[in-house]
Amino acid sequence: MANTYTLIQSVTVGSGGAASIEFGSIPQTYTDLVLVGSLRSTSTSSNTGEYDAFGYRFNSSTSGYTTRNLQGNGSVASSSTQTTMTASVGGTYGRISNAGINNSLSGTSIFTSINLYIPNYVGSINKSWSLEYVEEGNATTRYSEIIAGLWSNTTAISSIAFALVTGNFAQYSSASLYGIKNS
C-alpha cells in the first residue's frame with residue numbers, strides 16, 4: 001500500500017505577527033498527521049537567549065502532556081522531560097521544548113524548522129507523537145532536538161494549536177498540516 005499525503009491546511013503569519021498558530025476542524029478520515037513548519041518568535045527577551053520555548057495543545061486540552069527530549073547544541077548533548085508551560089497568549093500548553101524557536105536576537109530573518117508526526121490520531125488510545133527541529137543561525141551554539149511526546153487522552157485529535165512562552169510568531173512563520181492515508 002502506498003502512503004498518500006494530502007494538504008489539510010496551511011498557515012502563513014502576516015504582518016504584526018500572531019499569538020498562536022492553529023489548525024481546527026481536522027478531518028477524521030486519515031491514518032496519521034504530519035505538520036511541517038518554519039517558525040520564528042518576535043521576542044527580544046535576553047532571558048531565553050536567542051530562542052523561545054514553545055508548546056502545543058490538542059483539542060484545547062490543558063492537561064495530560066508529557067515529552068522526553070534529546071537535545072544537542074554543537075558541543076553538549078542532554079536529555080529532559082517536559083510537561084506544561086504558561087504561554088504568552090495565556091493558558092496552559094504542553095511544553096515541547098525549553099529551547100526551540102529562534103527569536104529576534106538570532107539575527108534577521110532566521111527561522112527554526114520543525115517536523116511533527118502524529119500516528120493514529122483518531123484511535124481511541126492515548127496519542128503518541130514525535131517532533132524534530134533544528135535552529136538556524138551563524139552562532140556557535142544552535143540547538144537540534146528529537147522529541148517523543150504523549151498526550152494521555154483517548155479522544156480523537158480535531159484541533160492543534162502552537163504558542164510561545166514569550167512573544168508572538170513573527171511574520172512569514174508558516175506551518176502546513178498534512179493527512180496521511182494508507183490506500
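Here are some notes:
- Screening SER15 with (1) surrounded by fewer than 22 Cβ atoms within 10 Å (Cβ to Cβ); (2) of a type outside the set (Lys, Arg); (3) not in a loop (DSSP other than H, G, I, E, B) gives one miss only, at (3).
Residue-wise test of (1) of a type outside the set (D, E, K, R); (2) surrounded by fewer than 15 Cβ atoms within 10 Å (Cβ to Cβ); (3) under 15 Å from the mean Cα position of the chain (by Cα).
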| position | (1), (2), (3) |
| --- | --- |
| MET85 | yes, no, yes |
| ILE101 | yes, no, yes |
| THR112 | yes, no, yes |
| TYR117 | yes, no, yes |
| TYR121 | yes, no, no |
| VAL134 | yes, yes, yes |
| SER158 | yes, no, no |
| TYR172 | yes, no, no |
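- Scanning the stretch 87-99 for residues being among the charged types (D, E, K, R) and loosely packed, with under 15 Cβ neighbours inside 10 Å gives a total of 0.
- For the stretch 22-137, the strands (runs of 3 or more DSSP E) that sit wholly inside it and include 1 or more residues that are at pLDDT below 80 are 51-58, 92-102, 127-135.
- Remark: pairs (first residue in the stretch 81-92, without any contact (Cβ under 8 Å) to a residue 40 or more places away in the chain; second residue outside any strand (DSSP E or B); Cβ separation under 6 Å; 6+ apart in sequence or on different chains) = THR92/THR62.
The values are calculated or read from the model by the stated rules, or taken from the named source; none is laboratory data. Because the structure is predicted, anything quoted here is derived from the model rather than measured. Backbone-built Cβ (ideal geometry, glycine too); neighbour counts: all protein chains shown.
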